[in-house]
Amino acid sequence: MRADARRNYERLLAEARTAFTERGTDASLEEIARRAGVGIGTLYRHFPHRTALMSAVFQGEVEALLARSRELLAAPQPCTALLEWLRTIVAHASTYRGLSRALMAAQSDDGSALSRCSMPMQAAGSKLLDRAQRAGAVREGVDIVDLMQLTNAIALAVEQSPDDPELADRLLALTLQGLKARPAEADA
């Protein structure tokens, strides 16, 4: 990439990150381009659609979430580690209004840039989930795709209820109750 194109790319990412934080992922692309000092055509040359821009903006944060998942793989309590990682995802998604909704929609579109961004997250979550299942803390049959959708739904609920700072923890606690392994006689 030429130096001027690289500068435009970086300015677009910075302005998109700011806009997504302040106004949500539905922020005006024209406004993002204007604030970056480029035309809308330049934005579309770098990012052919909104999800490509969102994916680029969130890529660095996905790397941080993946690093956190690797740290948690060494935590002494697998179920607590899984819960902590889910809590981290909810906190991240809550930073950007509309991200949870976009991630939920991307689950059904394997070819979208946002879906490709979430695939490593699913792989990381799968390792934490498998570890908790092997430890007997989480019941068998829980699927990481379903768990990620549920986590995004919790983040969406939190986004819609900004005056309830305890909502995420309450909903995650309810989720954990549903995930816990039960004695065989209780399942009958």
Can you tell me which condition K180 does not meet? The list is (1) surrounded by 12 or more Cβ atoms within 10 Å (Cβ to Cβ); (2) over 19 Å from the mean Cα position of the chain (by Cα); (3) at pLDDT 90 or above, and all the others hold.
(3)
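A quick yes/no check of all residues on (1) farther than 30 Å from L176 by Cβ; (2) in contact (Cβ under 8 Å) with a residue 60 or more places away in the chain; (3) crowded, with 18+ Cβ neighbours inside 10 Å:
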| position | (1), (2), (3) |
| --- | --- |
| S28 | yes, no, no |
| A36 | yes, no, yes |
| M54 | no, yes, yes |
| E63 | no, no, no |
| L66 | no, no, no |
| S69 | no, no, yes |
| L83 | no, yes, yes |
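Output the helices (runs of 4 or more DSSP H) that fall wholly within segment 6-108 and possess 3 or more residues being of a type in the set (D, E, K, R), or say none. Can you show your working first?
Working: elements: 29-36, 40-46, 50-72, 78-95, 99-106.
Counting at least 3 such residues, we get 29-36, 50-72.
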In segment 109-153, anything at pLDDT below 75 and assigned to a helix (DSSP H, G or I) is listed as A113, L114, S115, R116, C117
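The values are calculated or read from the model by the stated rules, or taken from the named source; none is laboratory data. Keep in mind that what you see is a predicted model, and the values were worked out from it rather than measured. Positions of Cβ are generated from backbone atoms using ideal geometry, with glycine treated the same way; all protein chains shown enter the neighbour counts.
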